[in-house]
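Notes to accompany the following structure.
The values are calculated or read from the model by the stated rules, or taken from the named source; none is laboratory data. Just so it is clear, the structure is predicted and the values come from calculations on it, not from any experiment. Neighbour counts are summed over all protein chains in view; Cβ atoms, including those assigned to glycine, are modelled from backbone coordinates with ideal geometry. For the accessible areas, the whole protein counts, side chains as well, though only heavy atoms, and no ligand, DNA or RNA atoms are used. Shrake-Rupley method; radii C 1.70, N 1.55, O 1.52, S 1.80 Å.
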Amino acid sequence: MPDPAVSDALLATKLSVPRGPKAAVRRQRLLDQLDTGVQGPVTLVAGPAGAGKSALLSSWIAEDRPPGPVAWLSLATDDADRRRFWRGVLAALAKATGDEAVAALAVSPREPMRMGLVAPALADALEGAKQPVVLVLDDFHEVIEAVHEDLERLVRFPPPALRLVIVTRADPPIGLGRLRLDGNLTEIRAADLSFSLDEADALFRALDVVLAPDDLETLWRRTEGWAAALRLAAVSLRDHPDPRAFIEHFAGTDATISDYLVSEVLARQPPELRDFLLRTSVVGTLSADLADALTGATGGRAMLARLEHGGVLTTPLDERGTWHRYHPLFAELLRAELRAQLPDEVAELHRRAATWLAARGDNAAALRHAAAGGAWELAADLTTTRWFPMMVNGEMGTLRPILETMPRRFVEASPELALAFGGALLARGDYAGAQPYLRRAEEGEALVPPERRAPFAASRAAMGLYEGRLRGDPKAALWAARELRDQAAVLDSGDLSSGVRSFVLGQLGIVELWTGDLDSAIAHLERAYANALDGGNDWTALAATAHLAVARAFRGELQRALRRADEAVTLAVRRGWGRSEPAGAAYCVQAAIAIQRGQRERAEGLVSLASEALHETRERPLRAVHALNRALLLSDAGEPEDALNVLQVARDEVGDWPLLAPLEDQLLAREALLRAAVGERALGRALLERAERETAMSIPVANALARLSLLDGDPGAARALLAPHLADGDGAPADGAPVSVRAEAWLLDALALDALAEPDDAATSLERSLDLAEPAGLSRLIVEHGNRVRPLLHRHVRHGTAHPAMVGAALATIEHRGSEGSRAVAVLLAEPLSEREQAILRYLPTMMSNHEIAGELFVSVNTIKTHLKAIYRKLDASGRREAVQRGRDLGLMP
């Protein structure tokens with residue numbers, strides 16, 4: 001079993017500020033430069049290995065000079081994965097700040113990785129910081145290729161409280177030129193890091209090395225002030241019989257340093273220490289236990305203590321001195337010497353490192369060592385047992401390069417490896433490339449050892465579900481769902497971990513939701529949610545509860561749906577996943593209910609949030625749900641052409657995916673009514689009648705046809721269409737329809753009866769509609785009919801109703817909208833908008849968030865919020881929508 005304590009300790013070394021070198025020299029000029037740099041957003045400390053970059057930062061922090069808490073992240077090759085990198089960043093910030101909002105942030109394991117998910121959540125979490133937070137990214141050159149685009153976005157729109165310090169050997173391509181022009185970059189380069197003659201003198205004095213002034217100056221010129229060369233020279237000069245002769249032959253070049261390390265350092269070590277150095281050089285960070293595993297001995301602790309005492313070759317990485325790393329120059333040399341002197345042992349040393357790291361939960365490093373040593377049997381074994389948890393945790397980016405370098409014979413001989421490789425390709429979005437491997441896994445299932453067959457079957461079914469959903473292939477998704485249900489025992493197998501079980505159940509439930517099996521979807525999503533909570537898997541819990549909200553909404557269980565949606569949004573915001581796909585699903589449910597309750601401004605805000613979260617969603621039916629909400633808002637705003645266009649685009653995006661019946665009915669009904677609104681009433685009726693011929697008429701379709709009949713002046717036909725769907729006596733649904741469409745049916749029946757001059761029966765039907773609508777707060781279905789329903793409502797108030805508050809509120813809304821539409825608003829601004837406020841006002845009709853507007857205008861989110869308050873005050877507007885309307889009335893915008 002993995003050892004979480006060791007895994008946590010390995011992470012802690014990345015988050016700890018390394019100790020500075022012994023006999024450190026205080027370099028005031030550089031400390032002052034850092035002080036100045038962190039007043040702005042970005043400081044770059046760039047120089048070659050051994051230039052003293054990390055030592056400078058350690059000294060600066062040790063003197064308590066930073067303006068606020070320091071989050072330190074030491075980077076290595078293993079971190080060259082976007083999710084792994086950002087997890088490290090968030091962990092470092094959480095440790096430094098101790099802030100609950102920061103600690104709650106997380107990187108989603110399967111959401112498409114983009115800075116639009118991380119940066120806004122980070123900015124929100126740091127918004128209330130009382131002092132700046134300094135984030136130091138040490139050895140950033142190790143991860144440049146993987147994350148430079150993310151970092152460029154971060155430095156372009158930095159959170160106001162964040163001060164970024166990048167420590168690197170190579171310049172990152174993050175728009176340094178633009179940062180210089182904007183005055184947002186402080187640079188400390190190799191020339192700055194080079195020791196001055198006075199600093200070199202102070203260094204040698206601190207190391208108890210006494211040199212004549214001429215000899216010191218000669219050495220300083222020959223090394224060009226390179227910190228590593230000066231320190232290494234000082235080690236030999238301390239006891240050298242002829243310092244001048246040594247200095248004459250010593251040069252500060254890479255080649256000379258390498259020669260020096262071989263001849264003067266490595267060759268002079270006792271044989272047992274030299275062997276220790278070579279054999280332990282295969283790992284980046286080293287502890288006594290790991291050293292013993294590599295050497296096969298028991299003296300690792302004593303050896304590390306000897307090396308640390310020397311003060312040059314190793315650096316302790318934590319306060320307790322448990323973890324160490326070799327000086328980068330020395331580590332590179334040791335590995336080269338290991339390959340030259342002990343070539344037959346390299347593979348075995350990597351295998352030992354992989355075994356030790358795997359036992360302690362560091363899967364990515366373990367697999368990398370197995371691959372580096374060509375230990376493919378071990379790599380294959382680790383992959384077959386670790387790949388699915390890595391996929392659930394979003395670590396496929398670190399696994400994929402290992403799989404791609406693995407000899408084909410291993411993948412071809414193992415259905416488990418074939419499945420892992422197919423899963424890696426799916427996670428990358430390469431569906432075509434994944435197919436041969438998934439087929440090979442299916443064909444070879446009988447070759448899987450019996451004790452691993454249940455996890456294999458579950459994993460294979462999950463990949464089928466995952467592929468079908470995200471590739472938009474309903475046949476593949478349905479096939480995988482049927483196969484998994486046929487093997488129901490797999491989901492209850494004791495061989496499955498909680499994480500695997502919750503992931504598989506969640507994928508199954510989502511597929512069942514979008515293919516119309518709501519009962520099964522709810523059952524499986526509830527189980528997925530419970531398993532995810534037990535296993536501490538917040539991402540799976542979020543996906544399950546968000547889709548449960550959707551399923552409950554389509555069942556007409558609005559209160560349950562809203563509770564689930566609120567729960568999902570709370571979890572998403574707390575974890576920094578507010579712009580993720582599951583959060584988008586929850587926003588859609590919240591928006592739909594807000595629309596039905598007539599909460600237009602709230603609904604617009606939720607639709608805007610959903611637009612951000614679903615910007616890149618591959619879940620095609622979810623696009624249709626979002627489009628329906630947008631179309632309803634546009635329709636209510638008197639923009640039927642735009643609303644119709646939104647629905648038509650959604651139809652194209654959904655393609656051949658078979659939408660569940662309630663969603664299909666609502667889309668069809670709304671499209672037909674919008675076509676009538678734009679003058680295409682016959683086409684709208686034809687759409688509904690074709691659906692009626694092809695399937696049994698549902699209540700949303702009947703309601704839409706009844707509305708068209710009322711528009712055509714045929715209330716009798718409207719009543720005939722509604723009759724099969726209206727309940728008798730107790731108001732129970734005739735066909736299990738949701739409360740909203742049942743309430744609408746009774747309202748339409750009331751309008752038809754009113755048109756037929758049957759006021760008493762009309763009043764009865766209207767009261768039944770109100771009986772259903774008021775408990776759920778469904779005011780929109782009444783208000784939507786506007787002046788057509790107003791006389792009926794007035795008469796209903798006079799003759800008595802059990803719902804006077806709802807009727808009164810509906811009448812007030814209808815009459816307010818009518819008065820707004822009948823007169824122009826004449827407003828003279830006592831205080832005109834500034835140029836920047838006018839610029840921001842023009843963005844408000846869009847679906848752009850405050851974060852996106854800030855990015856476009858190159859200002860902070862707080863600045864946008866301040867301007868918005870001023871805009872609302874000057875325009876006497878209560879919110880975004882009203883500000884847009886008043887801006888248009890005043891001619892401030894088109």
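List pairs: first in region 609-634 and under 17 Å from LEU674 (Cα atoms) and open to solvent by 20 Å² or more (accessible area, probe 1.4 Å), second at pLDDT below 90 and charged (D, E, K, R), Cβ under 6 Å, 6+ apart or cross-chain?
As it stands, the answer is LEU634/ASP642, since those pairs meet every condition given.
Return a yes/no flag: does region 776-785 have any residue that is loosely packed, with under 13 Cβ neighbours inside 10 Å and at pLDDT below 90. Working first, answer last.
If we filter region 776-785 for residues that are loosely packed, with under 13 Cβ neighbours inside 10 Å, which is where we start, we get none.
No, region 776-785 has no match at all.
So, in region 342-363, exactly how many residues are in contact (Cβ under 8 Å) with a residue 40 or more places away in the chain, surrounded by fewer than 19 Cβ atoms within 10 Å (Cβ to Cβ) and part of a helix (DSSP H, G or I)?
4
Answer yes or no as to whether THR280 is within 22 Å of ALA228 (Cα to Cα), within 39 Å of the chain's Cα centre (by Cα) and modelled with pLDDT of 85 or more. Spell out the reasoning first.
Numbers: within 22 Å of ALA228 (Cα to Cα): yes; within 39 Å of the chain's Cα centre (by Cα): yes; modelled with pLDDT of 85 or more: yes.
Yes, satisfied.
Which count do you get for residues in region 399-421 that are outside any helix (DSSP H, G or I) and hydroxyl-bearing (Ser, Thr, Tyr)? Let's see the steps before the verdict.
Going through region 399-421, the residues outside any helix (DSSP H, G or I) turn out to be 406-407, 414.
Cutting the leftovers down to hydroxyl-bearing (Ser, Thr, Tyr) gives us 414.
Going through region 399-421 one residue at a time, the tally reaches 1.
Here are some conditions: (1) modelled with pLDDT under 80; (2) over 20 Å from GLU619 (Cα atoms); (3) of a type outside the set (Ser, Thr, Tyr). PRO450 meets all but one. Which one does it not meet?
Failing condition for PRO450: (1).
Looking only at region 426-440, filter to residues that are touching a residue at least 24 places away in the same chain (Cβ under 8 Å) and assigned to a helix (DSSP H, G or I); which one of those is surrounded by the fewest Cβ atoms within 10 Å (Cβ to Cβ)? Step through it out loud before you land on a result.
The first filter runs over region 426-440 and keeps only residues touching a residue at least 24 places away in the same chain (Cβ under 8 Å), leaving 426-429, 431, 434, 437-438, 440.
Filter once more, keeping what is assigned to a helix (DSSP H, G or I): 426-428, 431, 434, 437-438, 440.
Details: LEU426: 23, ALA427: 22, ARG428: 13, TYR431: 18, ALA434: 23, TYR437: 24, LEU438: 22, ARG440: 19.
Looking at the filtered set, the residue picked out is ARG428.
So how many residues does region 177-202 have that are under 28 Å from GLU127 (Cα atoms) and touching a helix residue (DSSP H, G or I) at 6+ places or on another chain (Cβ under 9 Å)?
Keep residues of region 177-202 that are under 28 Å from GLU127 (Cα atoms), which gives 177-187.
Now restrict to residues that are touching a helix residue (DSSP H, G or I) at 6+ places or on another chain (Cβ under 9 Å): 178-179, 184-187.
Here the count works out to 6.
I'm checking my understanding of the structure. Among residues of region 198-221 that are assigned to a helix (DSSP H, G or I) and free of Cβ contacts under 8 Å to residues at least 24 places away in the same chain, which one is farthest from PRO243 (Cα to Cα)? Show your work before the answer.
Taking region 198-221 first, the residues assigned to a helix (DSSP H, G or I) are 198-206, 213-221.
When the remaining residues are screened for being free of Cβ contacts under 8 Å to residues at least 24 places away in the same chain, the result is 198, 201, 205, 213-214, 216-217, 221.
Working: ASP198: 19, ASP201: 15, ARG205: 15, PRO213: 12, ASP214: 12, LEU216: 10, GLU217: 13, ARG221: 16 Å.
The residue in question is ASP198.
Residue check, ALA755 against (1) over 20 Å from LEU518 (Cα atoms); (2) open to solvent by less than 30 Å² (accessible area, probe 1.4 Å), all met but one. Which one?
So ALA755 meets the others, but not (2).
When residues of region 170-181 are filtered for being surrounded by fewer than 21 Cβ atoms within 10 Å (Cβ to Cβ), assigned to a loop (DSSP other than H, G, I, E, B) and at pLDDT 85 or above, how many remain?
Residues in region 170-181 being surrounded by fewer than 21 Cβ atoms within 10 Å (Cβ to Cβ), assigned to a loop (DSSP other than H, G, I, E, B) and at pLDDT 85 or above: 3 in total.
Mind checking whether some residue in region 536-556 is of a type in the set (S, T, N, Q), within 18 Å of GLU512 (Cβ to Cβ) and modelled with pLDDT under 90?
Initially, region 536-556 is screened for residues of a type in the set (S, T, N, Q), giving 537, 540, 545.
From the residues that got through so far, the ones that are within 18 Å of GLU512 (Cβ to Cβ) too are 540, 545.
Subsequent filtering for residues that are modelled with pLDDT under 90 retains 540.
So far as region 536-556 goes, yes, one or more of its residues are of a type in the set (S, T, N, Q), within 18 Å of GLU512 (Cβ to Cβ) and modelled with pLDDT under 90.
Before we move on, is ARG471 surrounded by fewer than 19 Cβ atoms within 10 Å (Cβ to Cβ), over 19 Å from ARG386 (Cβ atoms) and either modelled with pLDDT of 80 or more or among the basic types (Lys, Arg) (or both)? Spell out the reasoning first.
Values: surrounded by fewer than 19 Cβ atoms within 10 Å (Cβ to Cβ): yes; over 19 Å from ARG386 (Cβ atoms): yes; either modelled with pLDDT of 80 or more or among the basic types (Lys, Arg) (or both): yes.
Against the criterion (surrounded by fewer than 19 Cβ atoms within 10 Å (Cβ to Cβ), over 19 Å from ARG386 (Cβ atoms) and either modelled with pLDDT of 80 or more or among the basic types (Lys, Arg) (or both)), ARG471 qualifies.
Yes/no matrix, rows are residues, columns are (1) open to solvent by 20 Å² or more (accessible area, probe 1.4 Å); (2) closer than 19 Å to GLU467 by Cα; (3) touching a residue at least 12 places away in the same chain (Cβ under 8 Å):
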{"position": "ALA365", "(1), (2), (3)": "no, no, yes"}
{"position": "PRO389", "(1), (2), (3)": "yes, yes, yes"}
{"position": "THR398", "(1), (2), (3)": "yes, no, yes"}
{"position": "ARG408", "(1), (2), (3)": "yes, no, no"}
{"position": "GLU412", "(1), (2), (3)": "yes, no, yes"}
{"position": "GLY423", "(1), (2), (3)": "no, yes, yes"}
{"position": "GLU442", "(1), (2), (3)": "yes, yes, yes"}
{"position": "PRO449", "(1), (2), (3)": "yes, no, no"}
